[in-house]
Amino acid sequence: MIRTFQTHRIRRQEELSSALWEFSPCEGEQAGKKISVAVPSAWECYPDFETYRGTAVYTRQFFVEKAGNIRLEFKGVSHTADVFVDEKPVAHHYNAFTSFDTVLWLEAGEHHLCVKVDNRYSEASALHIPNDYQTYGGITRAVVMEEVPDMYIKWVHAVPVKENGRWGLKLEACVKNVSKEEKCAEVWFSLEGCTTVKTKTESVKLSDETDTAQEQISLGSISLCGEEEGKLKKTVWCEGAKEWSMEEPNLYRMNAVLVLDGIAADDWMERIGMRIVETEGRKILINGRSVLIKGFCRHEDHPLFGCALPYEAIDYDLNVMQNLGANSVRTSHYPNDEIFLDLCDEKGILVWEENHARGLSEEMMRNPNFDKQCEDCNREMITAHFNHPCIYIWGILNECADHTEYGSKCYQRQLEQIRALDDSRPRTYACCHVKQEKSLFMSEVYSYNIYPEWYLPRETTEMLTDIHDWAVETFGEKPFIISEIGAGAIYGYRTPAKVKWSEEYQAETLRKQINGVLNSGCCNGIYIWQYCDVRVSDEWFSNRPRTMNNKGIVDEYRRRKLSYDVVKELYTARGNYWD
Ligand code: ADA
């Protein structure tokens, strides 16, 4: 499954995943063995590959109907991919959690696709390191083949705006010419589901045969030299559009059509929700209302699927979280599968999406690949996920070294990069070097990971007020979120002694922590660490019984611990807003 809705009516698209591929490991006792596996998947879920770390090749044939430009998109390969078509290298990509693509000219007929996948840790990998979660191996998200014309639409970004009670969209469309010659195309836009879409100039109909009854607006014409890309910009007004909210997540389908040589040659569709996120003093406002975050941190992790959760399992998790009274998810600690984001758009769940990094020391941030790998991740995440109304904030660099001179410069560069890519959302980062942070002047929201009554013998409200007051005194008034709080419990371990690791201890601690945060009067919300128990790297076995991070409210099989009812009681007692 690529997305939860159709993204093209003109561009021919075929999902190459959702099929059996041939998998063959390159190292170890099983090197050269060939097995048929479903893709997407993580190889740790194939029998006898539970702990395989190394390289492997995935292969399959694919068929091109007519000679032309073929775009191959990989939504996620964990963690380094080298792609070959008919034995020729065509793409290289690092990072499991962002997508990449390549456009090739191919003859009609059968072709051979080979993806060499590497999930090893090495100096070359600054972000995938042994960590408090697992770096799986494999083609873990969808693979798509598309036929594109010489000029095609790479993306359209839309920022909702409101003037005099009327919704509009600030649009930017990116077009690419993949041929060697100069070409000119025109891009038309419509928004399905709104009564009309008008610019200040008169709108025109593209043709009577378009699938949509909506008016088409020209975003303009663009001439591009060979292999060049360019952008068109326009603001359009949308009569009758309803806002997107947690309670009523209204979505509209944006439809862009590219006309080349008089023919509607390419199209691109995505959905948008009308909502504006702002911060004001200590409030996070969505369409002017101050939200109260009742959230969970969630890893993409499941004992049967690794990080390659199918649609149904993602939907299951979101339903459970909503049943618990939650209204937000933090994608700790990397960009998530777009199917997750599509579902959050549809269910009205707010998402804190963050780039990929967890707990890197200054020394680790000095890895020569660190800056580039982060910058690539930020750019790929924001470009691909820009239009999701559910994403209300961007996060970076969870618990890295913002307390040192060198580290804080990295934070500042990345916060600047994020602002340049998207100025419509606030930015934040989850801190842990209590009261030593240097870059908080740049983020719009303060966020802290605190573990009172688990790692630290402190009381929740006292600890967070102390940090909050320091941040406000040092950097000024801003919204403040507890981005992690929690306690561990081994599923099934119940004892009247209520000691650490028992379900009783976790349930009691969470009650104190959640009440402490929500009653503090200075917090816009809380993200519980964490939704479910997750597998951690083998190197992280110490302090991690079962080599799992056991702070889930449900275990890895989604079985409820005693804390489930406590969280449900406390979350459902509060509304979605903080007034
Ligand atoms: C940190 C970190 C999480 C997790 C958590 C824990 O705050 O951000 O990834 O490791 O601690 O369980 O200790």
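Only protein atoms count toward the accessible area here, which uses a 1.4 Å probe; on region 1-47, the carbon and sulfur part of that area reaches 50 percent.
Here the contact order of region 291-352, divided by its residue count and restricted to Cα pairs under 8 Å and six or more residues apart, works out to 40 percent.
Determine the distance separating the Cα centre of region 223-296 from the Cα centre of region 508-579; give it in Å without decimals. Rounded to whole Å, the Cα centres lie 32 Å apart. Split the accessible area of region 370-417 by element, probe 1.4 Å, and carbon with sulfur accounts for 50%. Compared with the dominant principal axis of the Cα atoms in the chain, helix 503-518 is inclined by about 70°.
These residues, 361, 483, go from largest to smallest accessible area, 1.4 Å probe, as 361, 483. In summary, region 86-151 shows an alpha-carbon radius of gyration equal to 1.40 times the 2.2 N^0.38 Å reference for compact globular proteins.
Quick note on region 21-64: its Rg to Rh ratio, both from C-alpha atoms and Rh being the Kirkwood radius, is 0.98. Adding -39500 (n - 2.57) for every DSSP H run of four residues or longer, then dividing by how many residues the chain holds, sets the calculated 222 nm ellipticity at -5500 deg cm²/dmol.
Estimated at the nearest 10 Å², the accessible area of residue 245 is 20 Å² with a 1.4 Å probe. Residues 568, 478, ordered by accessible area of protein heavy atoms at a 1.4 angstrom probe radius and largest first, appear as 568, 478.
What does the net charge come to around residue 17 if you take all other residues with beta carbon closer than 9 Å to its beta carbon, with K and R at +1 and D and E at -1? That works out to +1.
The mean sequence separation of alpha-carbon pairs under 8 Å and at least six residues apart, normalised by the residue count of region 449-508, gives a relative contact order of 29 percent. The residues of region 24-92 present an accessible area of 45 Å² per residue when probed at 1.4 Å with all protein chains retained. Please report the spacing between the Cα centers of region 312-364 and region 85-140 in Å, no decimals. Result: 23 Å between the Cα centres.
Once the Kirkwood radius over Cα pairs is known for the chain, the Stokes-Einstein relation at 4 °C and 1.567 mPa s delivers a diffusion coefficient of 52 µm²/s.
At a probe radius of 1.4 angstrom, the accessible area of region 524-579 per residue rounds to 40 square angstrom. If you roll a 1.4 Å probe over region 467-528 with all protein chains in place, what percent of the accessible area is carbon or sulfur? Its accessible area is 50 percent carbon and sulfur atoms.
Where does helix 311-323 land angle-wise versus the long Cα axis of the chain, in degrees 0 to 90, nearest 10? For 311-323 against the chain, the angle is about 40 degrees.
Helix 370-385 against the longest principal axis of the chain: what's the angle in degrees, Cα atoms only, rounded to the nearest 10? Helix 370-385 sits roughly 70 degrees off the main axis of the chain. Accessible area of residue 97 (1.4 Å probe, protein heavy atoms only, ligands and nucleic acids ignored): about 10 Å².
Residue 221 label point, 7 Å along Cα→Cβ, cut-off 18 Å on backbone N: hits in region 163-189? Counting backbone N atoms under 18 Å from the label point, the list is 175-177, 181-189. Residues 448, 94, ordered by accessible area of protein heavy atoms at a 1.4 angstrom probe radius and largest first, appear as 94, 448. Near residue 441: Cβ cut-off under 14 Å, other residues only, Lys/Arg at +1 and Asp/Glu at -1. The net charge is -1. Over all Cα atoms in region 388-520, the spread is summed up by Rg and Dmax: 16.9, 55 Å.
Using the Karplus relation 6.51 cos²θ - 1.76 cosθ + 1.60 with θ = phi - 60°, the per-residue 3J(HN,Hα) values for region 8-24 come to 9, 10, 9, 5, 6, 9, 9, 7, 8, 7, 6, 7, 7, 10, 8, 10, 9 Hz, with x marking Gly and Pro. Between residue 107 and residue 84, the modelled labels are 1.9 nm apart [label points 7 Å from Cα along Cα→Cβ]. Heavy-atom accessible surface of residue 92, to the nearest 10 Å², is about 120 Å², with a 1.4 Å probe and all protein chains retained. For the chain, relative contact order (Cα pairs under 8 Å, six or more residues apart, normalised by length) works out to 12 percent. Working from label points 7 Å from Cα in the Cα-to-Cβ sense, the residue 419 to residue 406 distance is 2.5 nm. The residues of region 375-489 expose, per residue, 31 Å² of accessible area to a 1.4 Å probe.
Summing charges over neighbours of residue 409, with a neighbour being any other residue whose Cβ is under 14 Å away from its Cβ, gives -4 when K and R count +1 and D and E count -1.
The values are calculated or read from the model by the stated rules, or taken from the named source; none is laboratory data. These numbers were taken from a predicted model, which means no experiment stands behind them. With ideal geometry, Cβ positions are generated from the backbone for all residues, glycine too; neighbour counts draw on all protein chains shown. What goes into the accessible areas is simple: the full protein's heavy atoms, side chains included, and nothing from ligands, DNA or RNA. Shrake-Rupley method; radii C 1.70, N 1.55, O 1.52, S 1.80 Å.
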